[in-house]
1. Of the listed peptides 191-197, 235-241, what is their order by residue-averaged count of other C-beta atoms within 10 Å, with the highest listed first?
2. Computing the accessible area with a 1.4 Å probe over protein heavy atoms, can you report the carbon and sulfur percentage for the stretch 1-156?
3. What's the Cα-based Rg to Rh of the chain, Rh via Kirkwood?
4. What are the extents of the Cα atoms of the stretch 160-362 along their three principal axes, listed from largest to smallest and rounded to whole Å?
5. Any idea how far apart ALA150 and THR35 come out in nm if each label point goes 7 Å out from Cα toward Cβ?
6. If you average the sequence gap of Cα pairs under 8 Å that are 6 or more apart and divide by the length of the stretch 160-362, what percent do you get for the contact order?
7. For a Förster distance of 25 Å, can you work out the FRET efficiency between the beta-carbons of ALA161 and GLU193, rounded to the nearest 0.05?
8. Based on a Kirkwood Rh over C-alpha pairs, give the Stokes-Einstein translational diffusion coefficient of the stretch 121-176 at 10 °C and viscosity 1.306 mPa s in µm²/s.
Amino acid sequence: MALAVALFVQASVGGGLVSALVPEFVRSDERKGITSFATIAAGGGVVAGFAAAVITGGYLPIWVSSLAVGVMATSGLLAAPSVAALNADHRYGAPGISWGLRLVPVGLFVVVEDAGRQLAALLLGLAAADALRAAVLLWIARARLAFSRAYCELGFPISAASVIAASVVAGFNPLVVRWLATLHDPGSVSLFEAADRLYSSVASLATIGVGSVTLVYLARLQGTDEEEPRWRLILQVSVAWSMLWLVVSLGLWRWFPWDGPWFALQSAEGMRAVRDTFLCLAIGMTGFILTGVFARRLLVMGLSTWLVPLSLAGVACTLVAGLLLVRTFGVPGIGAALSLSQYLVAGLMVWALNRKAGNASSRIG
């Protein structure tokens, strides 16, 4: 529960900041001061720590949850400018590899005897690892960032608010689909979870690192003579990439019984439900990948305000389609609703981009 609070700040808020800041660092090589930004990050950490203390009251000592989550949240926010600056310079390795620092406290937790009593120590260890990660990234990006008011202060980009809000709205999708699963037979939530875990693994492999690279290239192309032809090339490559992973997903579905032992299902009926649900989710793979590309195009073109209503449309589509399909098709119907939502949002993004373009040479399709 404590980690869920920290993850929200690191992923939704910190991730939104990274996406919004990348175009800023691409447009200017000027070194930025982050003293004010660090103060805001510390304030966010205090709020997150207080929230964690309230949520985990009775399970962990208040000082442990508030301190650990506060440090993790502050570190996640403070690392965001470093990650954005490094990405803008095409240095993608350090932000990802530095998460490996968390392996130290996790490894100690695994090998210690009676590990169940050491959860507080694990939480504090993860906080220390995150703080070290933020320090390392700030040191690597020191040519771009400085704790000094002698430089122009790094501001909070307006577009970040839309990205963060859209992430929060999209975060309701997992809750919606699991609630829909409760409307079907007992055990439906577990069956959906099994299919979703396999699908999420494939989707993560298909998109790992792609979003950061795409955002940087789109930001660098903005306003240049090569913007439109390069954007079309990026779009063509993205479509081909998404189709490739669609084929991979269908291949996994075809040979799914080989993967079945991972989930330790007890019946052939359960296996069939998971298999069919995975197929319905996999059909939306192309839409899932393309929405990520279109979202970054919207951000670079200054259309970030569209992200919130588009996310709301996606959640609404999942809810309505899921209610209609789950009663007839069961758990696979929920997967179909999610895929339909992906293609609806992708279509709306194309409409928004074409509306902005305003001329045939810049239109998609």
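1. Going from most to least packed, we get 191-197, 235-241.
2. 70
3. 0.98
4. On the principal axes, the stretch 160-362 reaches 59, 31, 27 Å in Cα extent.
5. Simple spin-label model gives 1.1 nm for this pair.
6. Values: 217 pairs, mean separation 68.1, N = 203.
Taking the mean separation of contacting Cα pairs over the length of the stretch 160-362, I get 34 percent.
7. Values: r = 32 Å, r/R0 = 1.29.
The calculated FRET efficiency here is 0.20.
8. The diffusion coefficient I find is 108 µm²/s.
The values are calculated or read from the model by the stated rules, or taken from the named source; none is laboratory data. Source: prediction; values computed, not measured. Note: ideal-geometry Cβ built from the backbone for every residue, glycine included; neighbour counts use all protein chains shown. The accessibility values were calculated without ligands, DNA or RNA, using every heavy atom of the protein model including side chains. Shrake-Rupley method; radii C 1.70, N 1.55, O 1.52, S 1.80 Å.
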